[in-house]
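S.K.: First, the structure itself, so that you have it in front of you.
No lab work stands behind these numbers, since they all come straight from the coordinates. Here the structure is a predicted model, which means the values were calculated and not measured. Ideal geometry is used to build each Cβ from the backbone, glycine not excepted, and the neighbour counts take in all protein chains shown.
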Amino acid sequence: MGEVSVQFLGSGDAFGSGGRFHTCIYVRSEETQVLVDCGASSLVAMKRSGLDTSTIDAILLTHLHGDHFGGLPFFILDAQYISLRKKPLVVAGPPGLEARIREATEVLYPGSYETHRDFVIEFVELEEETATQIEPLTVTPYCVVHPSGAPPYALRVALEDKVIAYSGDTQWTDALIPAANEADLFICECNFYEESAGYHLDYHTLMDHWAELGCHKLVLTHMNEEMLRRIESLEVEGAEDGKRYVL
């Protein structure tokens, strides 16, 4: 089977800690090119990396917070007016994603969502623990703990003979275990170093559960300033904008 590459176009948290772009993970194989999440600053990150946005086949969303889906209005308008996209675009994620994207686009650019496009957007609502074919991907969501106005998901993505899993944003939940089990790469948010109030993981809690995850490689992302200061001294590798892995 061919190789699968995973590149962090954006690895930051909601507040741009460390000057990083919002979450945007670029997955590429010989058959497809996919984004996992598309935060508000993601179009800038794509263009800085030299990525041709018109080559993206699908965008998978973990949850509907602005630092994870807020780049969609800009991506769609760029496709419409700049890259002059023709081929269909699949956007998959939690129930209600189409309405939320439409509302966000209309708030930012009133009247723009209903204008003519030369490409079709197919919205796919993912159901918890149900494998969905988005050819050539198989995507399975697991419900995690992170209120966002719609079900928040960890995603398990099978492509070629590889499995990439991503926690999305969440505090610890046992749902991460089946999502990450035997994954070639598990990308896990780790916003805090020590346990803190809020619906995010911290390093100590994650390390307490590391053995349960059963993944082949673990990479941390969505880190706050303290985590970024500490990451070089910790047991687990941290993501960086532009960093690429080949599976």
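S.K.: Local charge sum around residue 162 (other residues, Cβ-Cβ under 10 Å, Lys/Arg +1, Asp/Glu -1)?
M.R.: Its environment carries a net charge of -4.
S.K.: Once you place label points 7 Å from the Cα toward the Cβ at residue 204 and residue 131, how far apart are they in nm?
M.R.: 3.9
S.K.: So if R0 is 30 Å, what FRET efficiency would residue 174 and residue 55 give, r being the distance between their Cβ atoms, rounded to the nearest 0.05?
M.R.: After rounding, the FRET efficiency stands at 0.20.
S.K.: If Lys and Arg each add +1 and Asp and Glu each add -1, what is the summed charge of the other residues whose beta carbon sits under 11 Å from the beta carbon of residue 60?
M.R.: Local net charge: -1.
S.K.: Sequence neighbours fewer than 8 away in the same chain don't count; with that in mind, list the lysines whose C-alpha is under 29 Å from residue 243.
M.R.: Counting by Cα, and skipping residues close in sequence, residue 243 has these lysines nearby: 47, 87, 162, 217.
S.K.: Further, regarding this structure: Considering only DSSP beta bridges with both partners in segment 48-149, what is the antiparallel share in %, to the nearest 5?
M.R.: Approximately 25 percent, going by the DSSP bridge assignments.
S.K.: Another question about this same structure. Enumerate the residues in segment 164-189 having an amide nitrogen under 12 Å from the point lying 7 Å beyond the Cα of residue 217 toward its Cβ.
M.R.: 164-165, 184-187
S.K.: Quick one: check the C-alpha center-to-center distance for segment 50-102 versus segment 116-174, whole angstrom.
M.R.: Cα centroid to Cα centroid, the span is 14 Å.
S.K.: Multiply the residue separation of residue 161 and residue 31 by 0.36 nm, subtract the distance between their alpha-carbon atoms, and state the gained length in nm to one decimal.
M.R.: 45.6 nm
S.K.: Can I ask one more? How much of the DSSP beta bridge set in segment 5-234 is antiparallel, as a percent to the nearest 5?
M.R.: Taking every DSSP beta bridge with both residues in segment 5-234, the antiparallel ones total about 55 percent.
S.K.: Another question about this same structure. Under the classification rounded if a/c is under 1.5, otherwise prolate if a/b is larger than b/c and oblate if not, where does the chain fall, given a ≥ b ≥ c as square roots of the Cα gyration tensor eigenvalues?
M.R.: Prolate is the answer for the chain, as a/c is 1.5 or above and a/b outweighs b/c.
S.K.: Once the other residues with Cβ under 12 Å from the Cβ of residue 73 are scored (Lys, Arg +1; Asp, Glu -1), what is the net sum?
M.R.: Result for the local shell: -1.
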